[in-house]
1. May I ask you to verify whether residue 14 is exposed (fewer than 11 other Cβ atoms within 10 Å of the Cβ), among the acidic types (Asp, Glu) and within 23 Å of residue 67 (Cα to Cα)?
2. Go through the range 21-69 residue by residue and tally those that are within 23 Å of residue 11 (Cα to Cα), surrounded by fewer than 17 Cβ atoms within 10 Å (Cβ to Cβ) and of a type in the set (Phe, Trp, Tyr).
3. So how many residues does the range 19-56 have that are aromatic (Phe, Trp, Tyr) and either over 26 Å from residue 67 (Cβ atoms) or touching a His at 6+ places or on another chain (Cβ under 8 Å) (or both)?
Amino acid sequence: MNFVVEMKKILQTERYFTAIGYVVGGFLGYIYFLMFPCTTGCALRSTPYATILFGLLLGGSVFQFIFERVIKNKKNVKNNH
C-alpha cells in the first residue's frame, strides 16, 4: 500500500513525469524505426538514433504539456476550493 502512495507522489512531480515521457518517447521511437524501416536515404528513419532522439524530444514535450495542463490544473482547482 505504501508503494502505491509513493508512486502517486512521484507521478505528481514534474521532473519524474517528464522523465517518464522521455523513456516512453525513446521506446516508441525505436519501435517506429523497427516497424517502418527506410534504407534509401530517409534522414529520420535511416538510423535508430535519429528516431530515438526524435521520440525522446516528442515524448518529453508531450508529457510536459500533459503535466502542465492536466495535473497542475487539478492541483490549482483543489487549492482554490
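Every number in this text was worked out from the coordinates using simple rules, so none of it is lab data. Just so we're clear, the structure is a prediction, and the values are computed from it rather than from any experiment. Please note: Cβ atoms are built from the backbone with ideal geometry, for glycine as well, and neighbour counts cover all protein chains shown.
1. Taking the combined requirement at face value, the residue does not satisfy it.
2. 2
3. 3
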